[in-house]
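*Asks:* Supplied in structure tokens, the structure appears directly below.
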Amino acid sequence: MMLDKKAVNMLLTLDDAKLALVIRKIASDAGIDASNLRIGPSEIAGIRAALSSATDSDLSRADELIKSFKNGKKGV
């Protein structure tokens, strides 16, 4: 999934359980062990707030970080 405003807006329409599932899937696809990842109501609220206020630059950086994890670089 490419992170852009259209993708963010789609994510923001998901209910909390589905959003948490998508986050776990993205993490897993990037090679992150999400088995112990806690995504409760307060985390979801924070994620929604961050997504709502994310700029194009923020989304571009997040996309770079996800790709770097997928490529085994563990950060840029």
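*Asks:* Six or more apart or on different chains, Cβ under 9 Å: which pairs go from a residue in the range 1-26 that's farther than 14 Å from Ala50 by Cα and among the acidic types (Asp, Glu) to one that's assigned to a loop (DSSP other than H, G, I, E, B) and open to solvent by less than 80 Å² (accessible area, probe 1.4 Å)? Could you list them?
*Replies:* Here the result reads Asp16/Ile39, each pair linking the range 1-26 to a residue that is assigned to a loop (DSSP other than H, G, I, E, B) and open to solvent by less than 80 Å² (accessible area, probe 1.4 Å).
*Asks:* Take the conditions at pLDDT 90 or above and of a type in the set (D, E, K, R) and apply them to Asp33. Does it pass?
*Replies:* no
*Asks:* Residues that are exposed (fewer than 12 other Cβ atoms within 10 Å of the Cβ), hydroxyl-bearing (Ser, Thr, Tyr) and under 13 Å from the mean Cα position of the chain (by Cα): find the helices (runs of 4 or more DSSP H) completely inside the chain holding 1 or more of those.
*Replies:* Output list reads 41-53.
The values are calculated or read from the model by the stated rules, or taken from the named source; none is laboratory data. In this text the structure is predicted, and so the values were computed from the model without any measurement. All Cβ positions, even for glycine, are placed from backbone atoms using ideal geometry, and neighbour counts span all protein chains on display. The protein model used for the area step is the full one, side chains on, heavy atoms only, and it has no ligands, DNA or RNA in it. Shrake-Rupley method; radii C 1.70, N 1.55, O 1.52, S 1.80 Å.
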